[in-house]
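J.: Can you read through this structure? Questions will come right after.
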Amino acid sequence: MDLYASMFSSQLETRPFARNMIGTFAELVRGTGNLRVADVGCGPGHLTAMLHDLGLDAFGLDLSPAMVDHARRAHPVLRFDEARMEALPVEDAALGGVLAHYSMIHTPPGELPALLAEQVRVLAPGGLLLVSLFGTEGPEPVRFDHKVTPAYSWPADRFAELLAGAGLVTFARLLHDPATERGFLDTHLLARRP
Ligand SMILES: C[S@@+](CC[C@H](N)C(=O)[O-])C[C@H]1O[C@@H](n2cnc3c(N)ncnc32)[C@H](O)[C@@H]1O
């Protein structure tokens with residue numbers, strides 16, 4: 001699992017588009033006045049640390065005990081807990097933001113409405129959700145094998161519809177040419193709870 005963790009901790013923080021979307025997300029969250037932010041599916045915790053460095057009260061959650069252990073050892077001053085995104089250990093309307101960076105890619109499409117509703121539950125009014133995922137230009141999500149488990153790539157419009165169905169307003173989208181050899185567009189959707 002350390003190998004899996006190291007794959008993520010070295011690559012994503014150096015990708016300029018992702019880094020800039022996270023910077024924009026952090027700035028907007030700071031503007032809400034509620035600095036508490038969850039990095040859901042945080043993996044090795046490097047983006048939780050980035051959010052902390054951007055002035056947020058960030059904590060990480062991941063279903064994988066090995067990832068949580070890795071994150072705690074790499075970032076001992078930050079809080080990481082083992083939890084599923086489907087059942088967040090967070091009170092209603094408590095957070096200024098939720099970051100889901102390539103952590104919803106494994107969720108089967110039929111389970112996403114409930115998963116997104118859970119993220120909305122913990123967001124305060126005005127709170128922000130940044131979802132990053134693999135994009136596709138076709139009309140439907142595409143299932144593919146991703147490293148250790150199946151994943152899905154999404155048309156940005158379809159995912160934005162799911163966000164709308166959960167009660168969020170998607171107000172910024174960034175699609176850019178693939179950072180992966182598979183050729184999927186990298187897609188970042190920034191949404192707000194009204
Ligand atoms: C592709 S990694 C991304 C990790 C990190 N967000 C990053 O960008 O480097 C996906 C992570 O999401 C976690 N994950 C997937 N489904 C989850 C769920 N339902 N609840 C909590 N964590 C989940 C996995 O354990 C894994 O650590």
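J.: Would it be correct to say that Gly60 is in contact (Cβ under 8 Å) with a residue 24 or more places away in the chain and not hydroxyl-bearing (Ser, Thr, Tyr)?
T.: No.
J.: Kindly indicate the residue of the range 43-66 that is surrounded by 24 or more Cβ atoms within 10 Å (Cβ to Cβ) and over 23 Å from Pro125 (Cα atoms) and also nearest to the ligand (Cβ to nearest atom) among those meeting that condition.
T.: That would be Gly43.
J.: I've got another one for you. With respect to the numbered conditions (1) in a strand (DSSP E or B); (2) over 14 Å from the mean Cα position of the chain (by Cα); (3) of a type in the set (D, E, K, R); (4) surrounded by 12 or more Cβ atoms within 10 Å (Cβ to Cβ), which one is the sole condition not fulfilled by Arg121?
T.: (1)
J.: OK, next. Going through the range 97-114 one residue at a time, which ones are crowded, with 19+ Cβ neighbours inside 10 Å and either among the aliphatic types (A, V, I, L, M) or not in a loop (DSSP other than H, G, I, E, B) (or both)?
T.: Across the range 97-114, the qualifying residues are Gly97, Val98, Leu99, Ala100, His101, Met104, Ile105, Leu112.
J.: Out of the range 79-106, which residues are within 14 Å of the ligand (Cβ to nearest atom), free of Cβ contacts under 8 Å to residues at least 60 places away in the same chain and more than 11 Å from Ala38 (Cα to Cα)?
T.: Hits for the range 79-106 are Glu82, Ala83, Arg84, Glu86, Ala87, Ile105, His106.
J.: Report yes if Arg143 is touching a strand residue (DSSP E or B) at 6+ places or on another chain (Cβ under 6 Å), surrounded by fewer than 21 Cβ atoms within 10 Å (Cβ to Cβ) and not acidic (Asp, Glu), otherwise no.
T.: yes
J.: For residues in the range 159-194 being surrounded by fewer than 15 Cβ atoms within 10 Å (Cβ to Cβ) and free of Cβ contacts under 8 Å to residues at least 40 places away in the same chain, which is nearest to Gly23 (Cα to Cα)?
T.: Among those that are surrounded by fewer than 15 Cβ atoms within 10 Å (Cβ to Cβ) and free of Cβ contacts under 8 Å to residues at least 40 places away in the same chain, it is Phe171.
J.: Here's a follow-up. Condition (residue is within 18 Å of the chain's Cα centre (by Cα), assigned to a strand (DSSP E or B) and at positive phi) applied to the range 124-140: is it met by at least one residue?
T.: yes
J.: Return the residue satisfying two criteria in turn: it lies in the range 149-178 and is in contact with a helix residue (DSSP H, G or I) (Cβ under 7 Å, 6 or more places away or on another chain), within 16 Å of the ligand (Cβ to nearest atom) and among the aliphatic types (A, V, I, L, M), and of such residues it is nearest to Gly33 (Cα to Cα).
T.: Among those residues, the one meeting the criterion is Ala166.
Just so you know, all these numbers are worked out from the coordinates, no wet-lab data involved. Just so it is clear, the structure is predicted and the values come from calculations on it, not from any experiment. Cβ atoms come from the backbone with ideal geometry, glycine included; neighbour counts cover every protein chain shown.
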